[in-house]
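Here you go, one structure.
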Ligand SMILES: [Zn+2]
């Protein structure tokens, strides 16, 4: 067993995640973020989460907020989310059915049902993905264009869910917005941010007949300007990757979420979904609990 796995196993069985669940998380709503988890692994991980928490849908939480009634929510409520709309998400459907779990998947409206690719998956020796998250959006697009990537370029194979797959999953999955092309919103001009926020809602509603009321910020990054645009566009909530757990009073446009890597084993997932890992990293000075606003955070975990 690797040192890392040993550390997570010790932390899991230290009783601290249990203590956090029974105290901080008991009357709050935890939101966990995945991206492209493999179905057999998801069965283990989601199965563990379903035994440890009460998995609810984002809609359950929104309904409790609208009613102002926390008694509608179970203790230790957990919302499972997956960002980007990766094509392999479709293979999770039998797992979700078997475990009877609701999840929310945030789709890039300009990438689903096309052969366009996510810019952060484009590999080229001259491309530093983390660095590109920090430069103005126009500069990022220019640099990518110079090495052959355009947001609208159609590649040979799809990376994102197709319309048929989305249809098949709709009864089990709540699909929401993750912008059109996944820029870090604070790096965008006002016009670019407006297009990403407004058009993703419009495309998903008009072309996919989805009801869009939530947006997950690409890379977890947002500014006050982006929140204003999201309100104007008619979303009623937005999900960040800021540390913490949610109550009915949490700012609906800064919902807190904890990041999990898709390959994390159950010990690691236990520790991360309790929030303990982020807290320890913060205590060690290796993690901010909130990204600096309005500038983007340098490289959140995973793909954002
Ligand atoms: Zn993303």
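The values are calculated or read from the model by the stated rules, or taken from the named source; none is laboratory data. Because the structure is a prediction, the values reported are computed rather than measured. Glycine also receives a Cβ, built like all others from the backbone with ideal geometry; neighbour counts cover every protein chain displayed.
Check whether at least one residue in segment 264-274 is free of Cβ contacts under 8 Å to residues at least 24 places away in the same chain, assigned to a helix (DSSP H, G or I), closer than 22 Å to residue 62 by Cα and more than 16 Å from the ligand (Cβ to nearest atom), and report yes or no.
Within segment 264-274, none of the residues are free of Cβ contacts under 8 Å to residues at least 24 places away in the same chain, assigned to a helix (DSSP H, G or I), closer than 22 Å to residue 62 by Cα and more than 16 Å from the ligand (Cβ to nearest atom).
Considering only residues of segment 70-91 that are touching a residue at least 60 places away in the same chain (Cβ under 8 Å) and away from the ligand (no atom under 16 Å from the Cβ), which is nearest to residue 30 (Cα to Cα)?
78
Restricting to segment 232-287, and then to whatever is on the phi > 0 side of the Ramachandran plot and at pLDDT 95 or above, can you tell me which residue is surrounded by the fewest Cβ atoms within 10 Å (Cβ to Cβ)?
234
A follow-up question, please. Hey, does segment 186-202 have a residue that's part of a strand (DSSP E or B), surrounded by 17 or more Cβ atoms within 10 Å (Cβ to Cβ), touching a residue at least 12 places away in the same chain (Cβ under 8 Å) and within 16 Å of the ligand (Cβ to nearest atom)?
Checked segment 186-202: no residue is part of a strand (DSSP E or B), surrounded by 17 or more Cβ atoms within 10 Å (Cβ to Cβ), touching a residue at least 12 places away in the same chain (Cβ under 8 Å) and within 16 Å of the ligand (Cβ to nearest atom).
Is there a residue being under 18 Å from the mean Cα position of the chain (by Cα), over 30 Å from residue 40 (Cβ atoms) and either more than 16 Å from the ligand (Cβ to nearest atom) or not in a loop (DSSP other than H, G, I, E, B) (or both) anywhere in segment 168-179?
Checked against the condition, which is being under 18 Å from the mean Cα position of the chain (by Cα), over 30 Å from residue 40 (Cβ atoms) and either more than 16 Å from the ligand (Cβ to nearest atom) or not in a loop (DSSP other than H, G, I, E, B) (or both), segment 168-179 yields no hits at all.
Of all residues in segment 128-144, which are over 21 Å from the mean Cα position of the chain (by Cα) and surrounded by fewer than 19 Cβ atoms within 10 Å (Cβ to Cβ)?
128, 135, 136, 138, 139, 142, 143
What are the residues in segment 121-138 that are assigned to a helix (DSSP H, G or I) and within 16 Å of the ligand (Cβ to nearest atom), if any?
Correct list: 121, 129, 130, 132, 137.
Here's another thing I want to ask about it. Examine segment 139-149 for a residue that is more than 16 Å from the ligand (Cβ to nearest atom) and either touching a strand residue (DSSP E or B) at 6+ places or on another chain (Cβ under 7 Å) or farther than 18 Å from residue 121 by Cα (or both), and state whether such a residue exists.
Checked segment 139-149: no residue is more than 16 Å from the ligand (Cβ to nearest atom) and either touching a strand residue (DSSP E or B) at 6+ places or on another chain (Cβ under 7 Å) or farther than 18 Å from residue 121 by Cα (or both).
Please work out which one of (1) within 15 Å of the ligand (Cβ to nearest atom); (2) touching a strand residue (DSSP E or B) at 6+ places or on another chain (Cβ under 7 Å) is the condition residue 253 fails and give its number.
All conditions pass for residue 253, except number (1).
Another question, if that's okay. Does segment 210-238 hold any residues that are part of a helix (DSSP H, G or I) and farther than 21 Å from residue 132 by Cα, and which are they?
If the condition is that a residue be part of a helix (DSSP H, G or I) and farther than 21 Å from residue 132 by Cα, then 224, 227, 228, 229, 230, 231, 232, 233 are the ones that fit.
In segment 92-120, how many residues are within 14 Å of the ligand (Cβ to nearest atom), over 16 Å from the mean Cα position of the chain (by Cα) and in a helix (DSSP H, G or I)?
Count: 1.
Filter segment 213-229 down to the residues that are within 16 Å of the ligand (Cβ to nearest atom) and in contact with a helix residue (DSSP H, G or I) (Cβ under 8 Å, 6 or more places away or on another chain), then identify the one that is nearest to residue 171 (Cα to Cα).
That would be 214.
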